[in-house]
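Below is one structure, written out as structure tokens; the observations come after it.
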Amino acid sequence: MARYIGSKCRQCRREGVKLFLKAEKCFSSKCPMESRPYPPGQHGQRRGRLSDYALQLREKQKMRRIYGLLETQFRLYYKEADRLKGSTGENLLQLLERRLDNVIFRMGFAGSRTEARQLVRHNAINVNGARVNIPSYKVNPGDLLAVADSAREQLRVKAASDMAQQRGIPEWLDVDASKLSGVFKVIPDRADLPLEVQEQLVVELYSK
């Protein structure tokens with residue numbers, strides 16, 4: 001399957017905000033956004049005002065990159081969100097937040113969504129006692145997620161858990177750091193998601 005293999009820090013600079021794609025590096029002075037907070041490229045510092053379409057496109061790209069999705073995958077999520085009742089933008093965010101790799105990241109068992117996706121792919125995550133190796137698996141309220149015994153001693157898992165405890169765990173998750181397990185309590189409301197995205201711009205883009 002196709003995937004992006006370029007610089008993740010370059011993606012953050014292109015969107016103008018930290019997307020937290022590189023685990024602990026994003027919280028250190030080594031983050032390029034600290035020294036070069038402008039788009040990459042020869043004319044990155046001289047780009048002018050964006051059109052309405054460009055703003056909508058950039059917001060879509062930002063959201064897509066935060067969750068590590070390709071365009072086709074992201075469009076399928078939008079179509080599903082549009083079929084559901086309620087706000088399409090909020091539905092879209094909730095569907096993305098319910099991805100297994102994202103929930104593992106939110107629980108603090110991985111330093112980034114990319115790292116969480118790798119854990120899932122390597123059979124290191126159990127859902128309700130059963131191995132699940134599909135990153136896009138939709139987590140439901142009440143599901144119990146846990147790091148498999150074979151992966152609990154990995155240094156990256158322990159380091160990620162320690163960092164997450166310092167930063168705090170979202171209220172819609174109940175995490176037991178000592179057991180490296182947690183419960184997905186409820187589907188988060190928009191107010192519970194600290195994402196720096198304007199989902200309405202994405203809706204406007206796809207509605208054209």
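For residues that are in contact (Cβ under 8 Å) with a residue 60 or more places away in the chain and not β-branched (Val, Ile, Thr), tally how many sit in region 111-126. Working first, answer last.
Quick first cut of region 111-126, residues in contact (Cβ under 8 Å) with a residue 60 or more places away in the chain only: 111-115.
Filter once more, so that each one left must be not β-branched (Val, Ile, Thr): 111-113, 115.
Total satisfying the criteria: 4.
So residue 62 passes all but one of these: (1) modelled with pLDDT under 95; (2) more than 29 Å from residue 181 (Cα to Cα); (3) surrounded by fewer than 19 Cβ atoms within 10 Å (Cβ to Cβ). Which condition number does it fail?
(3)
Kindly establish whether residue 135 is in a loop (DSSP other than H, G, I, E, B), in contact with a Leu (Cβ under 7 Å, 6 or more places away or on another chain) and not assigned by TED's automatic domain parsing to the domain that holds residue 73. Reasoning before the result, please.
Details: in a loop (DSSP other than H, G, I, E, B): yes; in contact with a Leu (Cβ under 7 Å, 6 or more places away or on another chain): yes; not assigned by TED's automatic domain parsing to the domain that holds residue 73: yes.
So residue 135 passes the test.
Under the condition of being of a type in the set (S, T, N, Q) and either in contact with a Phe, Trp or Tyr (Cβ under 7 Å, 6 or more places away or on another chain) or within 19 Å of residue 120 (Cα to Cα) (or both), which residue from region 143-191 is surrounded by the fewest Cβ atoms within 10 Å (Cβ to Cβ)? Lay out the reasoning, then the answer.
Here is the first cut: in region 143-191, the residues of a type in the set (S, T, N, Q) are 150, 154, 161, 165-166, 178, 181.
Filter again for either in contact with a Phe, Trp or Tyr (Cβ under 7 Å, 6 or more places away or on another chain) or within 19 Å of residue 120 (Cα to Cα) (or both), leaving 150, 154, 161, 181.
Details: 150: 10, 154: 15, 161: 21, 181: 17.
If we take residues in region 143-191 being of a type in the set (S, T, N, Q) and either in contact with a Phe, Trp or Tyr (Cβ under 7 Å, 6 or more places away or on another chain) or within 19 Å of residue 120 (Cα to Cα) (or both), then 150 is surrounded by the fewest Cβ atoms within 10 Å (Cβ to Cβ).
Within region 95-142, work out how many residues are aromatic (Phe, Trp, Tyr) and surrounded by fewer than 20 Cβ atoms within 10 Å (Cβ to Cβ).
We begin by selecting, within region 95-142, every residue aromatic (Phe, Trp, Tyr); these are 105, 109, 137.
With surrounded by fewer than 20 Cβ atoms within 10 Å (Cβ to Cβ) added as a condition, the list becomes 137.
Residues that pass the stated criteria total 1.
Which numbered condition in (1) under 28 Å from residue 70 (Cβ atoms); (2) among the basic types (Lys, Arg); (3) under 20 Å from the mean Cα position of the chain (by Cα) is the only one that residue 158 fails?
For residue 158, the exception is condition (1).
What do you reckon, is residue 166 within 22 Å of residue 73 (Cβ to Cβ), polar (S, T, N, Q), modelled with pLDDT under 95 and out of contact with any Pro (no Cβ under 6 Å at 6 or more places or on another chain)?
Working: within 22 Å of residue 73 (Cβ to Cβ): no; polar (S, T, N, Q): yes; modelled with pLDDT under 95: yes; out of contact with any Pro (no Cβ under 6 Å at 6 or more places or on another chain): yes.
Answer is no for this residue.
Scan region 194-208 for residues that are assigned to a loop (DSSP other than H, G, I, E, B) and surrounded by fewer than 17 Cβ atoms within 10 Å (Cβ to Cβ) and report the count.
Quick first cut of region 194-208, residues assigned to a loop (DSSP other than H, G, I, E, B) only: 194-198, 207-208.
In the following step, the residues that additionally are surrounded by fewer than 17 Cβ atoms within 10 Å (Cβ to Cβ) were identified as 194-196, 198, 207-208.
Qualifying residue count, region 194-208: 6.
For residue 191, all conditions in the list (1) closer than 30 Å to residue 58 by Cβ; (2) among the small types (Gly, Ala, Ser); (3) over 19 Å from the mean Cα position of the chain (by Cα) hold save one; what is the number of the exception?
Looking at each condition in turn, residue 191 falls short on (3).
Among the residues of region 138-164, write down those that are outside any loop (DSSP other than H, G, I, E, B) and not hydrophobic (A, V, I, L, M, F, W, C). Walk me through how you get there before you give the answer.
Going through region 138-164, the residues outside any loop (DSSP other than H, G, I, E, B) turn out to be 138, 144-147, 149-151, 155-164.
Answer for region 138-164, where residues must be outside any loop (DSSP other than H, G, I, E, B) and not hydrophobic (A, V, I, L, M, F, W, C): 138, 149, 150, 156, 158, 161, 162.
If residue 173 meets every condition in (1) in contact (Cβ under 8 Å) with a residue 40 or more places away in the chain; (2) over 25 Å from residue 89 (Cα atoms); (3) hydrophobic (A, V, I, L, M, F, W, C) apart from one, which number is that one?
(2)
The values are calculated or read from the model by the stated rules, or taken from the named source; none is laboratory data. Computed from a prediction, not measured in an experiment: that's the story for all the values here. Virtual Cβ from ideal backbone geometry, glycine too; neighbours counted across all protein chains shown.
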